[in-house]
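Student: Attaching a single structure in structure tokens format; questions to follow.
The values are calculated or read from the model by the stated rules, or taken from the named source; none is laboratory data. Every value quoted in this text rests on a predicted model; they were computed, and no experiment measured them. For neighbour counting, all protein chains shown are included, and Cβ atoms are generated from backbone atoms with ideal geometry for every residue, glycine included.
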Amino acid sequence: MCAINSSTEDSGSALAAAAGAQADLVRSWPNPVTGARIRLVETHISYVVLAGRFAYKIKKAVNLGFLDFSSLEKRRRCCEEEVRLNRRLAPEIYLDVIALTGTPSSPRIGGDGEAVEYAVRMRRFPQSGLLDRRLARNAVEPDVIDALADRVAAFHEQAARCPRGTVYGSPGVVREAMAMNVLQLRRYLPGRMHAGLLDELERWSESVGAGLASMMDDRRLAGWVRECHGDLHLGNVALARGHPLIFDCIEFNPDLRWIDVINEIAFMVMDLEERGRPDYAYRFLNRYLEGTGDYAGLPLLGYYKVYRALVRAKVAAIRGGQEDRVARRREMKVCGQYLEYARRSMRPPKRSLVLLHGLSGSGKSRVAQMLLEARGAVRLRSDVERKRLAGLWPGANSRSTINGGIYGEEMTAATYARLAELSRQVLAAGYPVVVDAASLKAWQRKTFRMLAQELAVPFLIIACRAPEDVLRQRVVARARFGNDPSEADPEVLEQQARALEPLAGAELERCLAVDTSACSPDDLLRSVASCC
């Protein structure tokens, strides 16, 4: 029998022999359905055989440093881990681990005899549902991005916290992983390709990583390092039955899976931005942050975006070394694109503070959504933070009276204090902030005007207006759908109109009035851009 395993794991010749045997095996894959076509999908670390209703994933006999599949036993253990870990997010897909018996040139699925290889057996789903493919044909709707962010937020909430006494997610581990990416890129790229850019990225990552070390440690001790997915990009998400299905998490290296949740989020943000959809990137980010409240993690986002871009650049470089000349040229181009994205991500965005103002139904949240998508901003919603302070989830009904419960004076003061505190955090992290609140009282608006002045950032009040009948229609429709954190109804709207303190004095100098029933999105964005 020709076994795929080798007792000399570090031997290049043994790995080459095992790789050759694996290639024979996938070429000779038994067809479970007479006449059915078998397809092979190959990545830099695996073969995936698509046969009938199932997909069989075999780990390549390789040792790339950050993963080691050099022995049959290691591949078996990683197959078992893959099933265990992916059942957290996609139990309907990941079925079991099967042994392949027989010989590489005449393999059998299961059966008696010694295993020559192991495979993860999965239930197949249409590849057309993959989000990277759907995005390429402009077939990803905004609600899919929202649902994906909600799914990830819920997953992170349930994920295991980093055990005490481990070093997962520690500054040393993170900075070593960043440095290893650069080292491996230099190894896999031909000659001195991109050498200058890699030097620049290396210096930046060492400097910024050192500055963030204490924050990384604090977050690890506070429980923000968790057993995550580890490889959260669009190619590992599919739209199935109208819902995002997340699969193919990292099983081969716990250091790459036990990470800060912001590290995980940065991968999806990076992937969407790099593919030309920064609007979706910041839609995803904001939806996630509103669900988790983890605004304190924002200072790490830019660093991890660079890290994730380097990971993808490295994967492209490795693939390039395994392909023919035409494919190699294509992968080297992809590698260069990710490196250029990493260079751009070293530059922080322009900071500003935009405060929304207006009655319920005046279109504040719609304007805030447009701004965060167009300007790469972070939105803070008073309705969400008010309920978070009260221990309620955003969609919960607090059953409060108009000026009582969570809408009493004390809770309102606490809500605006919390919004100001979070605004300071977001601005300190280097991001523009949009505060989505009614801001009916002069003291509420002054809080943010003084904060912007203290931090020397541009400040703008966007006063949202709409005809009275439009306001009422919007409030009633929102209550009917029941999918918004706001609990305003027509009675609340009337009370707000009576309590409104009009803009005056210095406020009017930094104010943009918008009739949301008539102003187009393009006109609004141009007006905001001219102000800050």
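Student: Run down Arg449, Arg498, Arg445 and say which single residue is over 20 Å from Ser352 (Cα atoms), assigned to a helix (DSSP H, G or I), out of contact with any Lys or Arg (no Cβ under 7 Å at 6 or more places or on another chain) and not acidic (Asp, Glu).
Tutor: Result: Arg498 is the single residue among Arg449, Arg498, Arg445 that is over 20 Å from Ser352 (Cα atoms), assigned to a helix (DSSP H, G or I), out of contact with any Lys or Arg (no Cβ under 7 Å at 6 or more places or on another chain) and not acidic (Asp, Glu).
Student: Going through segment 115-166 one residue at a time, which ones are assigned to a strand (DSSP E or B) and among the hydroxyl-bearing types (Ser, Thr, Tyr)?
Tutor: If the condition is that a residue be assigned to a strand (DSSP E or B) and among the hydroxyl-bearing types (Ser, Thr, Tyr), then Tyr118 is the only one that fits.
Student: Determine which single condition Asp279 fails, assuming it passes every other condition in (1) of a type outside the set (Val, Ile, Thr); (2) surrounded by fewer than 21 Cβ atoms within 10 Å (Cβ to Cβ); (3) without any contact (Cβ under 8 Å) to a residue 40 or more places away in the chain.
Tutor: With (1) of a type outside the set (Val, Ile, Thr); (2) surrounded by fewer than 21 Cβ atoms within 10 Å (Cβ to Cβ); (3) without any contact (Cβ under 8 Å) to a residue 40 or more places away in the chain applied to Asp279, the lone miss is (3).
Student: Which of the residues belonging to segment 123-146 are under 15 Å from the mean Cα position of the chain (by Cα), within 30 Å of Val97 (Cβ to Cβ) and surrounded by fewer than 18 Cβ atoms within 10 Å (Cβ to Cβ)?
Tutor: Once the filter is applied, which keeps residues that are under 15 Å from the mean Cα position of the chain (by Cα), within 30 Å of Val97 (Cβ to Cβ) and surrounded by fewer than 18 Cβ atoms within 10 Å (Cβ to Cβ), segment 123-146 yields only Asp132.
Student: Just wondering, is there one or more residues in segment 303-315 that are over 25 Å from Ala281 (Cβ atoms) and either outside the structural domain of Leu524 (by TED's automatic domain parsing) or without any contact (Cβ under 8 Å) to a residue 60 or more places away in the chain (or both)?
Tutor: No; the residues of segment 303-315 include none that is over 25 Å from Ala281 (Cβ atoms) and either outside the structural domain of Leu524 (by TED's automatic domain parsing) or without any contact (Cβ under 8 Å) to a residue 60 or more places away in the chain (or both).
Student: Could I ask something else about it? Please determine, by comparing only the residues of segment 351-385 that are in a strand (DSSP E or B) and among the charged types (D, E, K, R), which one is surrounded by the most Cβ atoms within 10 Å (Cβ to Cβ).
Tutor: Taking the candidates together, the pick is Arg379.
Student: Still on this structure: Which residue out of Arg480, Arg526, Arg472 is within 26 Å of Gly291 (Cα to Cα) and in a helix (DSSP H, G or I)?
Tutor: Exactly one of Arg480, Arg526, Arg472 is within 26 Å of Gly291 (Cα to Cα) and in a helix (DSSP H, G or I), namely Arg480.
Student: List the pairs whose first member sits in segment 389-403 and is closer than 23 Å to Leu493 by Cα, whose second member is at pLDDT below 85, and whose Cβ atoms are under 7 Å apart, counting only residues at least 6 apart or on separate chains?
Tutor: If the second residue must be at pLDDT below 85, the pairs left are Gly395/Asn483.
Student: Which condition does Ala327 not pass, out of (1) part of a helix (DSSP H, G or I); (2) in contact (Cβ under 8 Å) with a residue 60 or more places away in the chain; (3) surrounded by fewer than 24 Cβ atoms within 10 Å (Cβ to Cβ), if it passes all the others?
Tutor: (2)
Student: From the list Gly276, Gly376, exactly one residue is under 16 Å from the mean Cα position of the chain (by Cα), outside the structural domain of Asn181 (by TED's automatic domain parsing) and more than 19 Å from Cys464 (Cβ to Cβ). Which is it?
Tutor: Result: Gly376 is the single residue among Gly276, Gly376 that is under 16 Å from the mean Cα position of the chain (by Cα), outside the structural domain of Asn181 (by TED's automatic domain parsing) and more than 19 Å from Cys464 (Cβ to Cβ).
Student: Please go through segment 391-427 and give me each residue that is within 30 Å of Pro349 (Cα to Cα) and assigned to a loop (DSSP other than H, G, I, E, B), ordered by number.
Tutor: If the condition is that a residue be within 30 Å of Pro349 (Cα to Cα) and assigned to a loop (DSSP other than H, G, I, E, B), then Pro394 is the only one that fits.
Student: Something else now. With the checklist (1) of a type outside the set (Ser, Thr, Tyr); (2) touching a Ser or Thr at 6+ places or on another chain (Cβ under 6 Å); (3) part of a loop (DSSP other than H, G, I, E, B) in hand, flag the one item Gly169 doesn't pass.
Tutor: Gly169 satisfies every listed condition except (2).
Student: Being of a type outside the set (Ser, Thr, Tyr), under 26 Å from Val315 (Cα atoms), surrounded by 19 or more Cβ atoms within 10 Å (Cβ to Cβ) and not assigned by TED's automatic domain parsing to the domain that holds Val237: is that true of Glu82 here?
Tutor: So Glu82 passes the test.
Student: For segment 296-348, which positions are touching a Leu at 6+ places or on another chain (Cβ under 7 Å) and within 14 Å of Asp260 (Cβ to Cβ)?
Tutor: Result: Pro299, Leu300, Tyr303.
Student: Continuing with this model, one more query. Would you mind finding the one in Met332, Met346 that is of a type in the set (A, V, I, L, M) and in contact with a Phe, Trp or Tyr (Cβ under 8 Å, 6 or more places away or on another chain)?
Tutor: None of the others qualify; the one that does is Met346.
Student: Further, regarding this structure: Is it true that Asp515 is in contact with a helix residue (DSSP H, G or I) (Cβ under 9 Å, 6 or more places away or on another chain), among the acidic types (Asp, Glu) and touching a residue at least 12 places away in the same chain (Cβ under 8 Å)?
Tutor: no
Student: Now for a different question. Taking the conditions exactly as written (assigned by TED's automatic domain parsing to the domain that holds Cys335 and either in contact (Cβ under 8 Å) with a residue 40 or more places away in the chain or under 22 Å from Tyr295 (Cα atoms) (or both)), does Asp218 satisfy them or not?
Tutor: Considered against the rule, which asks whether it is assigned by TED's automatic domain parsing to the domain that holds Cys335 and either in contact (Cβ under 8 Å) with a residue 40 or more places away in the chain or under 22 Å from Tyr295 (Cα atoms) (or both), Asp218 comes out as yes.
Student: Does Arg77 satisfy the criteria of being outside the structural domain of Gln158 (by TED's automatic domain parsing), free of Cβ contacts under 8 Å to residues at least 24 places away in the same chain, surrounded by fewer than 19 Cβ atoms within 10 Å (Cβ to Cβ) and over 20 Å from Thr43 (Cα atoms)?
Tutor: It is false that Arg77 is outside the structural domain of Gln158 (by TED's automatic domain parsing), free of Cβ contacts under 8 Å to residues at least 24 places away in the same chain, surrounded by fewer than 19 Cβ atoms within 10 Å (Cβ to Cβ) and over 20 Å from Thr43 (Cα atoms).
Student: While we're here: Of everything in segment 397-450 that's under 24 Å from Asn483 (Cβ atoms) and charged (D, E, K, R), which residue is surrounded by the most Cβ atoms within 10 Å (Cβ to Cβ)?
Tutor: Asp436
Student: If Glu274 meets every condition in (1) under 23 Å from Glu331 (Cα atoms); (2) modelled with pLDDT under 95; (3) surrounded by 17 or more Cβ atoms within 10 Å (Cβ to Cβ) apart from one, which number is that one?
Tutor: If we test Glu274 against (1) under 23 Å from Glu331 (Cα atoms); (2) modelled with pLDDT under 95; (3) surrounded by 17 or more Cβ atoms within 10 Å (Cβ to Cβ), just (2) comes out false.
Student: For the list (1) at pLDDT 95 or above; (2) under 34 Å from the mean Cα position of the chain (by Cα); (3) not β-branched (Val, Ile, Thr); (4) not in a strand (DSSP E or B), I need the number of the one condition that Cys464 fails.
Tutor: (4)
Student: Pairs please, first residue from segment 43-55 and free of Cβ contacts under 8 Å to residues at least 12 places away in the same chain, second anywhere and in a strand (DSSP E or B) and surrounded by fewer than 19 Cβ atoms within 10 Å (Cβ to Cβ), Cβ atoms under 9 Å, 6+ apart in sequence or on different chains.
Tutor: From segment 43-55, the pairs are Val48/Arg39; Val48/Leu40; Val48/Val41; Val48/Glu42.
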